[in-house]
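The structure appears below as structure tokens.
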Amino acid sequence: MNPQVGIIMGSQSDLPVMAEAAQMLEELGVTFELTVVSAHRTPDRMVEYARSARERGLKVIVAGAGGAAHLPGMVASMTSLPVIGVPVKSSNSIDGWDSILSILQMPGGIPVATVALNGAKNAGILAASMVGAFDEQVGKNLDAYKKGLQEKVEQSAQEIETKGWKAIVKK
């Protein structure tokens, strides 16, 4: 099956963060492709990737970038597909704020859905939600995932309530 989501990042050094999006998409049964596309070092590759995304069958693009973080916004300017930006705290980052603001503060007409710093897991879930709005099986997988989250919290609450907080907290 063709990939439904494209995961791109500005550098291979972003892979440890962006792998969390891939893991969530795998868990939720969403097909994806993953590659490196740099807005600054490979601008022609970025243009080709963004402009061909829809015709290649992609439904959503998850773009991670650190530092100046132009990749998500530049890709969003070249496609009508939804783009989810993942600000990455990179080695040349100003505590990640440069990446957050570069992705978050897009001009009117070029939206980028932005998740938290290093929030690729949530980007994967959001991309799956977008696909799941039109794909019944992915929607069911998301429902099961969220039910699992609910059950985990309820189990934690029950454990604290029955054992007491002192039994849970390790000093």
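The values are calculated or read from the model by the stated rules, or taken from the named source; none is laboratory data. Model, not experiment: these values are computed from the prediction. Neighbour counts run over all protein chains shown; Cβ positions are idealised from the backbone, glycine included. Please note that ligands, DNA and RNA were not included when accessible areas were found on the heavy atoms of the full protein model with its side chains. Shrake-Rupley method; radii C 1.70, N 1.55, O 1.52, S 1.80 Å.
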* Structure fact -> In degrees, nearest 10, the alpha-carbon axis of helix 120-132 is tilted away from the dominant principal axis of the alpha carbons of the chain by 80
* Asked: Once phi is turned into θ = phi - 60°, what whole-Hz ³J(HN,Hα) does the Karplus curve with 6.51, -1.76 and 1.60 give for every residue of the range 92-109, x standing for Gly and Pro?
  -> 9, 7, 9, 6, x, 5, 4, 5, 4, 5, 5, 8, 6, 8, 7, x, x, x
* Could you give the accessible area per residue of the range 94-171, probe 1.4 Å, as a whole number in Å²? -> 71
* Sequence of 98, 143, 14 from largest to smallest accessible area, 1.4 Å probe -> 143, 98, 14
* Calculate how steeply helix 15-27 sits against the longest principal axis of the alpha-carbon atoms of the chain, using the helix alpha-carbon long axis, and give the answer as 0 to 90 degrees to the nearest 10. => 70
* **Shape of the range 1-85, Cα gyration tensor, a/c cut at 1.5** => oblate
* Which Cα, out of 129, 58, 1, lies furthest along the positive dipole direction of the chain (beta carbon charges, K/R +1, D/E -1)? -> 129
* To do: Using Cα pairs closer than 8 Å and at least 6 residues apart in sequence, work out the relative contact order for the range 64-171, in percent.
  => 21
* Please compute the net charge surrounding residue 56, taking Lys and Arg as +1 and Asp and Glu as -1 over other residues with Cβ under 15 Å from its Cβ. => +1
* Build a GNM of the chain with springs between Cα atoms under 10 Å: which of 28, 58, 101 gets the top mean-square fluctuation? -> 101
* Rounded, prolate or oblate: which fits the range 59-111, taking a ≥ b ≥ c as square roots of the Cα gyration tensor eigenvalues, rounded meaning a/c under 1.5, else prolate when a/b beats b/c? -> prolate
* To do: For residue 85, list long-range residues whose amide hydrogen, built 1.01 Å from N in the peptide plane, is under 5 Å from its own amide hydrogen.
  => 63, 113, 114, 115
* **Relative contact order of the range 89-141, pairs being alpha-carbon contacts under 8 Å that are 6 or more residues apart, as %** => 20
* Go through 32, 134 and list them by solvent-accessible area, largest first, probe radius 1.4 Å. => 134, 32
* To do: Subtracting the Cα-Cα distance from 0.36 nm times the residue separation, let me have the gained length for residue 140 to residue 105 in nm, one decimal.
  => 9.3 nm
* To do: Return the lysines within reach of residue 140: Cα separation strictly under 21 angstrom, same-chain partners fewer than 8 residues apart disregarded; answer none if there are no such residues.
  => 59, 121, 152
* Sort the chain into rounded, prolate or oblate with this rule: let a ≥ b ≥ c be the square roots of the eigenvalues of the Cα gyration tensor; rounded if a/c is under 1.5, and if a/c is not under 1.5, prolate when a/b is larger than b/c, oblate otherwise. => oblate
* Tilt of helix 136-163 relative to the longest C-alpha principal axis of the chain, in degrees (0 to 90, nearest 10)? -> 40
* **Where 40, 70 fall by accessible area, highest first, once all protein chains stay in place (1.4 Å)** => 40, 70
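Calculate for the chain the 222 nm mean residue ellipticity that helices alone would give, adding -39,500 (n - 2.57) per DSSP H run of length 4 or more and normalising by residue count, nearest 500 deg cm²/dmol.
It lands at -15000 deg cm²/dmol.
Which whole-number percentage describes the relative contact order of the range 11-80, with Cα contacts under 8 Å and a sequence gap of 6 or more? Before the final figure, lay out the partial values.
Details: 41 pairs, mean separation 23.2, N = 70.
About 33 percent, as a whole number.
In what sequence, highest mean first, do 43-52, 155-164 appear when ranked by Cβ atoms within 10 angstrom?
43-52, 155-164
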